[in-house]
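Derivation of every value follows stated rules applied to the coordinates shown; laboratory data play no part. Bear in mind that the values here come from a model prediction, so they are computed numbers and not experimental data. In this analysis, Cβ positions are derived from the backbone assuming ideal geometry, glycine residues included, and neighbour counts consider all displayed protein chains.
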Amino acid sequence: MNWKTFYALLARDGHVARRNLLPTLLQNLLQPLLFTFVFGKVMTTSGIMPASYKNMLLPGIMAISMVLAGVQAVALPLITEFQFSREIEDRLLAPIEIGWLAVEKVVAGMIQAMVAGLVVIPAAWLIMGSGVKLDFGKPFEFLVVALLVALFSSLGGLVLGCSVGQTQIGLMFSLVLAPMIMFGCAYYPWSALESFPILHMAVLVNPLVYASEGLRGALVPQVPHMNTLLVIGALAAIDLGLLYLGLKKFHQKAVS
Amino acid sequence: MGIGIRIENLRKVYDTPPPMAGGGTGFSFAAVRPGGKEKAPRKFDLVALDGVSLEIGAGEVFGLLGPNGAGKSTTIGVLTTRTQPTSGRAFIGEFDVWRQQVEAKRLIGVVPQRPNLDFALTAREILTFHGAYFGQGTRDRERRADELLERFKLTDRATHMVRTFSGGMMQRLSIARAMMHDPEVLFLDEPSAGLDPQTRLLLWEIIRNYNRLGKTIVITTHYMDEADALCNRLAIIDHGRIIAQGTPAELKAAIPGGYLLRLRFGRVTEELLADLQKLPGVTQVRSVDPASVDVYADRGGPLMGPIVNTAQAAGFELRDVHIAEPSLETLFLHHTGRSLRD
């Protein structure tokens, strides 16, 4: 392992991300924050939704923002760089095992996902106004869950980035990300699905469910949520599976 | 010091189309679907390299010459860790390219066939980040980047994003990038494809100067004059096999007679071949197909009179003539029966 090279690769991604800061922020945060405004402000203030919905919603919004940020930070550049122009070739020729380039991409994606997640908390809190009761009494639990969510989102980006062609980016959003977000228990707690027994079980394959429920457990424990240990176990297992798959696919893409 | 290269019995069989030939688009979860239905019988077999062995000396300019699809780029791909060989081994210096990739990568610089510059960066950043990947310190890499930008006449565009660059500028920047970490071995895959004659001469000068520092240079080309002008030694490659290697002079001397006259008649008979063989200066006569004859001789034009007379006397109609002077082109024709541009 060659730390100098690894750091230089990370610095390159950081440099590019800073250059595209505003579009990246808009891309990752605008949609979740608009949703926050409509459901967390308009619907609750008008009385269509109870005020307590705000507490339920915020962790879900945070999970969605992190997943969007992580997936897009890794997948979109990878798809472009692996196209016929092979922009990534220069970095594949850097003196480091090529698996570490994939790891570097994942670390860069995690950082962006964490930033997105941490920006959403104050932003959503400001938008929704009074009535949001966040509990920061379990910082360690919050950190572990947030890191696992960030890891899952950027590993998901790695797998998608190595599986999807440039012409399928739109399809990736409508076939993978949209259902994942809708059935990710971000806008409602998992327990709300009890009246739909099949769906209740089926959504358990969706990693976003654990992300939303885990962040709920860490930030708003007063709201019904999944057992945190179960969440951490599931996210860790998903992360390991995605890591294996992502590295394998990256190698297939990188070496002919 | 200088670093040599050794290739032992290299084979590469693609079972999916290689990346250059497209593909790589679309969802491809197929590889991870375990078991399931029987795999679609998509049998794809492309033998790109078929037992290639080579030895390239330290400090040499070595050329791989051959038509498109001959296996030149695949050879470069294997030597630069970008292609996994099906069997056989390749060494850069003492390092096995496939097993000791990191050590091998430190020694090499690569100029790809098509520029693959990092479009998210400016020209100068492409060089400085490349230096950083190779562990150069900040001041060191900035100084080197400025030097290279100056030498490749890119200083005034240093802070521009490269997507606005012309083809020639991208090519120059690719070469500058490959030299940024001062590699012992420089690979250039078709470096002068698409360059104007002036830039091409500049490129040759740069390659020669770099070689003077004791660096090994491997270049692929399908231009005969380029191979002739630049290379100390050459290997001619076709259909994944090396069909001849040596210095350009040795290779040219190996052609029987030196000149090749390709004659086309209405038809060809054994008697005609025998008559042509008797002409002065003719070393070898080969029938290529029922209507064509290749004549190898020590002279070209002066032989035309006797050939026309012989053909007329025997009652054959000469329809077409092509005279190839002693060159690598002739050599390629001699070995493969095809022109390099076929």
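Helix-only estimate, please: 222 nm mean residue ellipticity of chain B, summing -39500 (n - 2.57) across DSSP H runs of length 4 or more and dividing by its residues, to the nearest 500.
Helix-only estimate at 222 nm: -9500 deg cm²/dmol.
Rounded to the nearest 20, the Cβ-based charge dipole of the protein assembly as shown about its Cα centre (Lys and Arg +1, Asp and Glu -1) stands at 1260 debye.
Within 10 Å of the Cβ of each residue in A:109-118, the mean number of Cβ atoms contributed by other protein chains is 0. Scattering from chain A was approximated by placing one identical point on each alpha carbon and applying the Debye formula without solvent; log10 I(q)/I(0) at 0.10, 0.13, 0.16 1/Å stands at -0.49, -0.81, -1.16. Peptide A:7-13 shows a mean partner chain C-beta count of 4 within 10 Å per residue C-beta. Candidate membrane-span-like segments in chain A, meaning DSSP H helices with Cα atoms spread over at least 30 Å of their own axis and a Kyte-Doolittle mean of 0.0 or above, are A:53-81, A:98-128, A:139-163, A:228-254, with no membrane implied. Taking label positions 7 Å along the Cα-Cβ direction at both B:ASN232 and B:VAL13, the computed distance is 3.6 nm, reported to one decimal. Other residues with beta-carbon under 12 Å from the beta-carbon of B:GLY137 carry, at +1 per Lys or Arg and -1 per Asp or Glu, a net charge of +3. The alpha-carbon of A:LYS41 sits under 24 angstrom from the alpha-carbons of these lysines, leaving out residues fewer than 8 places away in its chain: A:LYS54, A:LYS133.
Here the extension length gained between B:THR138 and B:GLN277 equals 43.1 nm, from 0.36 nm per residue of separation less the Cα-Cα distance. What's the local net charge at B:ASP298, with K and R +1, D and E -1, over the other residues with C-beta under 14 Å away? Charge balance in the 14 Å sphere: +1.
Spatial offset of segment A:5-34 relative to segment B:64-141 amounts to 28 Å, using the alpha carbon center of each. Between the Cα long axis of helix B:167-179 and the first principal axis of chain B there is an angle of about 70°, rounded to the nearest 10.
Seen from B:LEU127, the other residues with C-beta closer than 13 Å to its C-beta sum to a net charge of 0, counting Lys and Arg as +1 and Asp and Glu as -1. In this Cβ point-charge picture (+1 for Lys and Arg, -1 for Asp and Glu), chain A has a dipole of about 280 debye about its Cα centre. Per residue of peptide B:127-133, the mean number of Cβ atoms on other chains within 10 Å of the residue Cβ is 6. A straight Cα-to-Cα reach below 23 Å connects A:LYS253 with the lysines A:LYS105, B:LYS12, B:LYS39, B:LYS43, B:LYS72, B:LYS105, residues fewer than 8 places away in its own chain not being considered.
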